[in-house]
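Working notes, beginning with the structure itself.
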Amino acid sequence: MKKKLVLLALGILTLASCQTQPKEDYSWIKKGLDVASAQLRLTAEEISSTHMLPRSIRTSYDMNFLCRQLERDSLTFRDSLRAQPAAEQLGKRRLCSVYDWTSGFFPGSLWYAYELTGNDTLKTWAVQYTNLLNPVRYYTGTHDLGFMVNCSYGNAERLTPNDSIAAVMKETADNLCGRFNDSISAIRS
């Protein structure tokens, strides 16, 4: 009987120890979200009067490094490279208009940050930069409308649905569908 009680106690202790796992430290996630949110808020504030959107940071490149990476002569790809920015432009933001294929990424990032943090300032900026893209709803000159509108208006609709957002998305989808070419059964891109 005593042996059975010892085995039962060991079994209970074993099960209890399996249930209790050390808590992992996820503070690095919170810190990452805090930093990203601060960067997004700062960028939104700094460019708010430009009516433009951030696209990238201007950087230089080493042509010899690129040639080694591609194992090619620079003449084969030089025409696809952007001109080297002037020294005073290095590290500065490169902005784009609402018609750039990346224009929806910044508002989309603001929406994601708002979703993860609940920070109302991020939501306010997300609404402002999403609304900046309103003219895109009439644009038919690109197949990239999904990037432009779904990242921005799509996240807005998901997080704060309303009829005006749905209308913009429907109109944009109709314009995108209008790019379908029956003779080749594909979208023009």
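The values are calculated or read from the model by the stated rules, or taken from the named source; none is laboratory data. Values in this document were obtained by computation on a predicted structure and should not be read as measured data. Don't worry about glycine lacking a Cβ; one is built from the backbone with ideal geometry, like all the others, and counts go over all protein chains shown. Note: accessible area is taken over every heavy atom of the protein model, side chains too, but ligands, DNA and RNA are not part of it. Shrake-Rupley method; radii C 1.70, N 1.55, O 1.52, S 1.80 Å.
Structure notes:
- Region 56-94, residues that are at positive phi and over 28 Å from the mean Cα position of the chain (by Cα): Glu71
- Qualifying residue in region 20-33 (condition: at pLDDT 90 or above and open to solvent by less than 60 Å² (accessible area, probe 1.4 Å)): yes
- Residues in region 110-127 that are in contact with a helix residue (DSSP H, G or I) (Cβ under 6 Å, 6 or more places away or on another chain) and under 18 Å from Gly146 (Cβ atoms): Trp111 alone.
- In region 167-189, residue surrounded by the fewest Cβ atoms within 10 Å (Cβ to Cβ) [restricted to those that are among the small types (Gly, Ala, Ser) and part of a loop (DSSP other than H, G, I, E, B)]: Ser183
- Subset of region 37-62 that is assigned to a helix (DSSP H, G or I) and open to solvent by less than 40 Å² (accessible area, probe 1.4 Å) - its residue that is farthest from Asn119 (Cα to Cα): Ile47
- Selection of region 110-142 for residues being part of a loop (DSSP other than H, G, I, E, B) and either under 17 Å from Pro54 (Cα atoms) or touching a Phe, Trp or Tyr at 6+ places or on another chain (Cβ under 9 Å) (or both) yields Leu133, Tyr139, Gly141, Thr142.
- Scan of region 63-96 for residues that are aromatic (Phe, Trp, Tyr) and open to solvent by 70 Å² or more (accessible area, probe 1.4 Å), ordered by number: Phe65
- Filtered residues of region 148-166 (kept if part of a loop (DSSP other than H, G, I, E, B) and open to solvent by 50 Å² or more (accessible area, probe 1.4 Å)): Pro161, Asn162
- For region 122-137, the criterion of being open to solvent by 70 Å² or more (accessible area, probe 1.4 Å) and without any contact (Cβ under 8 Å) to a residue 24 or more places away in the chain is met by at least one residue.
- Near pairs, Cβ below 8 angstrom, 6+ apart or cross-chain, from region 74-93 (β-branched (Val, Ile, Thr)) to any residue that is open to solvent by less than 90 Å² (accessible area, probe 1.4 Å) and modelled with pLDDT under 85: Thr76/Leu70
- For Ser103: the one exception among (1) under 15 Å from the mean Cα position of the chain (by Cα); (2) part of a helix (DSSP H, G or I); (3) among the hydroxyl-bearing types (Ser, Thr, Tyr): (2)
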